[in-house]
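Undergrad: Pasting in a structure now, in structure tokens, and then I'll have a few things to ask.
Quick note: the coordinates plus some simple rules give every number you see, no bench work behind them. In this text, all values refer to a predicted model and were calculated from it rather than measured experimentally. Methodologically, a virtual Cβ is constructed for each residue, glycine included, from the backbone with ideal geometry; neighbour enumeration extends over all protein chains shown.
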Amino acid sequence: RRVPDAPWFLTLCVLASPWGIVGVEAGWTATEVGRQPWVIGGVMRTSEAVTPMPGLAGPFLAFTLLYAVLGVVTTLLLVRQFEVHSPRPEVRHVGA
């Protein structure tokens, strides 16, 4: 099978790329908006219904550092993979 390279298809792929993020954000918004009716409307404010989390800073920092390290490692591995398996210079310019 050959890789699809029709201009209309490639343009469609570029235009469709943000829709994954839009879907994630829309799902998160629907979840948070759906959570609001559990707070008594007109009687209790949302800020009064929040449970205090005094120990939240530690796990938040740990996960932030973990994801930062994973991001750097992934980037370095991808760069190395592209350097090792990139096309030879004479192949890159065929068809140019």
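Undergrad: Tilt of helix 19-35 relative to the longest C-alpha principal axis of the chain, in degrees (0 to 90, nearest 10)?
TA: Once rounded, one gets 10 degrees.
Undergrad: Ordered by packing density, taken as the mean number of other Cβ atoms within 10 Å over each peptide's residues, highest first, how do 50-56, 6-12 rank?
TA: Per-residue mean Cβ counts within 10 Å order the peptides as 6-12, 50-56.
Undergrad: Over its Cα atoms, what ratio of radius of gyration to 2.2 N^0.38 Å does the chain give?
TA: 1.89
Undergrad: Report, to the nearest 10°, how far helix 57-85 tilts away from the longest principal axis of the Cα atoms in the chain, using its own Cα long axis and a range of 0 to 90°.
TA: Once rounded, the angle reads 10 degrees.
Undergrad: Counting other Cβ atoms within 10 Å of each Cβ, which trypsin sites (Lys or Arg not before Pro) in segment 6-87 have at most 13 and sit in a DSSP loop?
TA: ARG45
Undergrad: For helix 7-16, report the angle its Cα long axis makes with the longest principal axis of the Cα atoms of the chain; keep it between 0 and 90° and round to the nearest 10°.
TA: Once rounded, the angle reads 20 degrees.
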